[in-house]
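Here is the structure we will look at, set down as structure tokens.
The values are calculated or read from the model by the stated rules, or taken from the named source; none is laboratory data. All figures in this text were calculated on a predicted structure; none of them were measured in a lab. Methodologically, a virtual Cβ is constructed for each residue, glycine included, from the backbone with ideal geometry; neighbour enumeration extends over all protein chains shown. Protein only, heavy atoms only, side chains kept; ligands, DNA and RNA dropped before computing areas. Shrake-Rupley method; radii C 1.70, N 1.55, O 1.52, S 1.80 Å.
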Amino acid sequence: MKAGLGILFTLAAFALSTPAMADDATYVAAALSKQTGTVAFFVGETDDATKSAALAECKGAGAADCEISISGSNICISLARATSRDRLGLAEGATRAESQSGALSECSKTGAEGCNIHDTYCGPTSLQ
């Protein structure tokens, strides 16, 4: 089940947590705090556990308003951020390249410059 599609947020701060990744993990989730700009990813074996872990990682970084932005199975989620302003793009795709393209597009929609891919996580981790 997908919690959302590509999303762009204007953020004042940015933090990232590194998820645990099992080779057989099939779910991926991204949690985001709109207030602080904290983004956390997690790749896991079940949908509920993966969402819970992403939220815990996000909240563990000091953000109180974390919500799951994107989650699902057999997808990749990419994060792009801009160098010109505090903006980012978060998008999902059936492949690594598709999610990265979507994240770059979301990042640049409001005129941000210097958008580049910061992270990409896939569930399963072998998804290309």
Worksheet item: Excluding ALA91 itself, what net charge comes from residues whose Cβ is under 9 Å from its Cβ, given Lys and Arg +1 and Asp and Glu -1?
Response: -3
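With a 1.4 Å probe and every protein chain kept in, tell me what percent of the accessible surface of segment 79-128 is carbon plus sulfur.
Numbers: 1010 of 2280 Å².
The computed percentage sits at 44.
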Worksheet item: Between GLU67 and THR83, what is the spin-label point distance in nm, taking each point 7 Å from the Cα along the Cα→C-beta axis?
Response: 3.2
